[in-house]
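Visitor: The structure's right below; bear with me while I get my questions together.
What follows is calculated from the coordinates using simple rules that are stated; it is not laboratory data. All of these numbers come straight from a predicted model, not from anything done at the bench. Glycine gets a Cβ as well: all are built from the backbone with ideal geometry, and neighbour counts include every protein chain shown.
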Amino acid sequence: MDWQPLLLTFKLALVTTLLLLIIAIPLAYWLAYTKSRFKPILETLVSMPLVLPPTVLGFYLLVTFSPSSVLGGWLNNYFGIQFIFSFHGLVLASIIYSLPFMVHPIQAGFANINTTMIEASYVLGKSKITTLFKILIPNIKPSLLTGVVLAFAHTIGEFGVVLMIGGNIPGKTKVASIAIYDEVEALNYDTANSYSLILFAITFSILLVVYIVNGGYLKRFWK
Amino acid sequence: MIQIALQKNLIAANGDMLLDIDIKIKEGEFVTLYGDSGAGKTSILKMIAGLMPADNGLIKVRDKIWLDTKNNICLKTQQRRIGYVFQEYALFPNMTVKENLLFALEKGQDKQIITELIELIELGELKDRKPEMLSGGQKQRVALARALVRKPEILMLDEPLSALDHAMRSKLQDYILKVHKQLNLTTLLISHEMGEVLKMCDKVLVIEKGRITRYGNPIDVFTSKQVSGKFQFLGEIVEIEKEDIIYIVTVLIGANFVKIVADTSDIKTMKVGDKIVVASKAFNPLLQKIN
C-alpha cells in the first residue's frame, strides 16, 4: 500500500485548518457582533458550501483559475502561482469548502459570551483587540476546538471539489479519498479497504476526542 | 464638579420614553439613583460610561469633556476613567481573582495598588481562586476591587447588591462606604432600597420615567416635611389585617417587623407594598449611655 495519499491528505487538512483558523476568527467575530445590513449576505456565502454540490464549487474554481482565464493567467504570469492541478489549488478549495465548519462554531461561541463581560473589559480601558485575545478567545475554547476538529475532519473527507480542481496527480493532488476511488476502479479492493479503514479509524478517534473534551468527561475523570 | 446632561429616546416596554436629565455632582459625593425598574437608571450609567450613545448631551468631569454632542466630542469608553460594577458581576471566568485585578492595570501602572486593594477589600484568601469557586458576595467584592484598580474618577454601581441576602448586603455596603471614603471617590449607585439609600448616600436622585423628579438629601426627599415627629422611620407595608373595628398593619423597617394599629381612614390610601413613614411624637424619649 502506498502511504503517500494518506500523508498528503493530512498535510492538506493541517494546512487548511491552520489557515482557516486565522481567517475564521476575525470573520466569526464580525458576524457575531456586527449590525451591518450586509450580514445576511455574508452569512449566506459562508454557509453555501454546506448545501452546494462540491462539484459546483470545483467547477467554478476550475473556470476562474484556469490559465486561460483572466485571473488564472494573471496569477500565473506575475506570480507563477497555479491553482489548477496543484497543492495550492487544493488548499484554496478546501478553505472555501470547510469554511462554515470552522466559522459556525466560533461565531456561536462569540454570540454566547455575556455582553457585560465585554463591556467590563472596555470599562477597564482595554481595546477591542485586547478583549478579543485575553477575554473572548480564552472563553470560547470548546467552540474553537469544535471548529478546528470539524474543519480538519471535513477536509479529510472531501472528494468532489478536490477531484475537480486537483485531478489525480500522485504526490501532488492524489489524496486518500481519491486514491480509494482509484483503487476501486482498478478492482484493488484490498488496498481500497486499507485506506478506508484508516480514514474511518482516524475520523472516529478525532470526533470522539472532541466529544470527550467538550463534554467535560476529562475534568470529571481528573477530579 | 461633574456635570451630566443627557437626552435620549429610549424604547421601553410600554412605548417610547424620553430620558432627559441635567445634574451637577460635587467631587467626593455619594449619589444614589433611585426609581422603579425601567425608569432609565441603568441607561444613565451606561451613557456616562460611553457604553450607550446619547442623542444629545454634555458630560464634563472636572475640566475634561467626555461628551459634547454639539461639538461632536465623544470619548470612547476606554478613555473615560470610570469604575463600573455590574449587577451580574461580569468577572472573567478564565482568570483567577488576582488575575482579574491584574488585567485591570493600565500600562506601566504600579502593581502596588493590587496589593492594597486585596488588603482593603479582604480578598487575600480568595486571590488564587477562579470566579466559579466564589459565592455571590465574594464575586461582588472582587468586581468592586477590580473597578478600583484604575483609580476611577467616577465609580458607578448598577444595583450591585440586589442578588445578595440581607447580611451579605449589609457587609458589602460597609465595604463600598469604606472605599468611597478612603479613596475619596465620586460614587453613583443605583438602588431600589430605601434603607440602602439612607445608609449610603449624601444625595438621592429620584428618577421617574426618564426624568429627575426629586433631588437632595435622602431624608428630605423621602419624607414630607409636614411631619414634626421626633422619631421617624421609613418602612414598607407587609401585611394589613382587620381585627374587629381596627386594622393591624405589619411594617418592615430595616430588618425588623413592627405591628402598628391603624383605623379605617388611614387604611383607605394604603396597600401592601407601599412605602410609608412611621412617625411618633407624643412621648418623652430617655437617653442612656451604654457601655
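Visitor: Helix-only mean residue ellipticity at 222 nm, chain A, DSSP H runs n ≥ 4 weighted -39,500 (n - 2.57), per residue, nearest 500. What is it?
Guide: So the calculated ellipticity at 222 nm is -24000 deg cm²/dmol.
Visitor: Net charge around B:L51, counting only other residues with Cβ within less than 12 Å of its Cβ (Lys, Arg = +1; Asp, Glu = -1)?
Guide: Net charge in that neighbourhood comes out at +1.
Visitor: Given H placed 1.01 Å from N in the peptide plane, which residues other than close sequence neighbours of B:C74 have an amide H under 5 Å from its amide H?
Guide: For B:C74, whose amide H was placed from the backbone, the distant partners under 5 Å are B:D68.
Visitor: Around B:L75, under 14 Å between beta carbons, what's the net of Lys plus Arg minus Asp minus Glu among the other residues?
Guide: So the environment of B:L75 carries a net charge of +3.
Visitor: To continue, here is another question. Give, rounded to the nearest 20 debye, the magnitude of the charge dipole that chain B has about its Cα centre when Lys and Arg contribute +1 at Cβ and Asp and Glu contribute -1 at Cβ.
Guide: About 900 debye.
Visitor: For n ≥ 4 DSSP H runs only, could you compute -39500 (n - 2.57) per run for chain B, divide by its residues and tell me the 222 nm figure to the nearest 500?
Guide: So the helix-based figure for chain B works out to -7000 deg cm²/dmol.
Visitor: Between B:T264 and B:A167, how many nm apart are label points set 7 Å from Cα along the C-beta direction?
Guide: Each label point is offset 7 Å from its Cα along the Cβ direction, giving 4.6 nm.
Visitor: Pick from B:D266, B:D36, B:D22: which is most flexible by mean-square fluctuation in a GNM of chain B where alpha carbon atoms under 10 Å apart are linked?
Guide: B:D266
Visitor: Here is a further query. Over the whole of B:82-95, what's the average partner chain Cβ count within 10 Å per residue? Rounded to a whole number, please.
Guide: 5
Visitor: Taking each residue of A:123-136 in turn, how many C-beta atoms of other protein chains fall within 10 Å of its C-beta, and what is the average?
Guide: Averaged over the peptide's residues, the number is 5.
Visitor: Can you tell me which of B:254-260, B:183-189, A:160-166 comes out highest on packing, and rank the rest after it, using the mean Cβ neighbours within 10 Å?
Guide: Averaged packing, sorted descending, gives the order A:160-166, B:183-189, B:254-260.
Visitor: Under the Karplus relation 6.51 cos²θ - 1.76 cosθ + 1.60, θ = phi - 60°, what is the ordered set of whole-Hz ³J(HN,Hα) values for segment B:132-145, x standing for Gly and Pro?
Guide: 5, 9, 10, 7, x, x, 5, 4, 5, 5, 5, 4, 5, 4
Visitor: Pull up the DSSP beta bridges for segment B:50-160 and report the antiparallel fraction as a percent, rounded to 5.
Guide: So the antiparallel bridges amount to about 60 percent of the total.
Visitor: Between A:I25, A:I135, A:I180, where does the largest GNM mean-square fluctuation fall for chain A, given springs only between Cα atoms within less than 10 Å?
Guide: A:I135
Visitor: Additional query: Please list, ordered by chain and number, the residues whose modelled amide H lies under 5 Å from the amide H of B:L155; skip anything fewer than 5 residues away on the same chain.
Guide: B:G83, B:T186, B:T187, B:L188
Visitor: Which of B:H166, A:H154, B:H192 comes first, and how do the rest follow, when ranked by fewest Cβ neighbours within 10 Å?
Guide: Ordered from fewest to most neighbouring Cβ atoms within 10 Å, B:H166, A:H154, B:H192 come out as B:H166, B:H192, A:H154.
Visitor: If amide H atoms are built 1.01 Å from N in the plane of the peptide, which residues on other chains or at least 5 residues away come under 5 Å of the amide H of B:L205?
Guide: Amide H to amide H, under 5 Å and 5 or more residues apart or across chains, B:L205 pairs with B:T32, B:L33, B:Y34.
Visitor: Using +1 at the C-beta of Lys and Arg and -1 at the C-beta of Asp and Glu, which of A:P138, A:L19, A:H88 has the Cα lying farthest in the positive direction of the dipole of segment A:1-152?
Guide: A:P138
Visitor: Tally Lys/Arg at +1 and Asp/Glu at -1 over every other residue whose Cβ is under 15 Å from the Cβ of B:R62; what's the total?
Guide: Residues near B:R62 contribute +2 overall.
Visitor: Restricting the count to DSSP beta bridges whose residues both fall in the protein assembly as shown, what percent are antiparallel, rounded to a multiple of 5?
Guide: Counting DSSP beta bridges with both partners in the protein assembly as shown, the antiparallel share is about 75 percent.
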